[in-house]
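Right, one structure below, let's go through it.
Every number here is computed from the coordinates shown, using simple stated rules; none is lab data. This is a predicted model, so every value here is computed, not measured. With ideal geometry, Cβ positions are generated from the backbone for all residues, glycine too; neighbour counts draw on all protein chains shown.
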Amino acid sequence: MSLPNPYQQYQTNSVQTASPGELTLMLYNGCLKFIGLAKAAIKANHIEEKNTNCLKAQKIIQELMVTLDMDIEISKSLMQMYDYFHRRLIEANVKSDIEILEEVEGYVTEFRDTWKEVIQINRRQQYGEGGRV
């Protein structure tokens, strides 16, 4: 009988106990991770690894798209941006283009940083000044 992997167990618990805002932050971080891995794979000429990581980043963007509440006005703008990111990730994958990946990476980083700031503001309002992500 094998013992459970403590890291895997920690990750599972983190996802299961995270708030919707924290889950969104995790998705942004995951997307950035896979974009970084895709860039490294392009530099190393590892085509299959590049493809795998670009596809993972695309799937995360798709997940962000399906979780939008389209009854909220800003969701329409976010949908357009996510659609753009998704199309650019496909193009980067097809062309093995690091510059396109860096463009999307920059936008996703901005989204992630803004989202993190919103979570921190909400925590401060909810729990006082100590709320950190």
Of residues in segment 32-55 being of a type in the set (D, E, K, R) and surrounded by fewer than 18 Cβ atoms within 10 Å (Cβ to Cβ), the one nearest to ARG112 (Cα to Cα): LYS33
Residue count, segment 30-67 (criterion: in contact (Cβ under 8 Å) with a residue 12 or more places away in the chain and outside any helix (DSSP H, G or I)): 1
Checklist (1) more than 17 Å from ASN53 (Cβ to Cβ); (2) under 16 Å from the mean Cα position of the chain (by Cα); (3) not hydroxyl-bearing (Ser, Thr, Tyr) applied to GLU102, failing item: (1)
Among residues of segment 95-110, those that are touching a residue at least 40 places away in the same chain (Cβ under 8 Å), over 16 Å from ILE42 (Cα atoms) and out of contact with any helix residue (DSSP H, G or I) (no Cβ under 6 Å at 6 or more places or on another chain), counted: 1
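Here's the yes/no breakdown for (1) on the phi < 0 side of the Ramachandran plot; (2) assigned to a helix (DSSP H, G or I); (3) surrounded by 13 or more Cβ atoms within 10 Å (Cβ to Cβ):
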| site | (1), (2), (3) |
| --- | --- |
| MET70 | yes, no, no |
| MET81 | yes, yes, yes |
| ARG88 | yes, yes, yes |
| GLU99 | yes, yes, no |
| TYR107 | yes, yes, yes |
| THR114 | yes, yes, no |
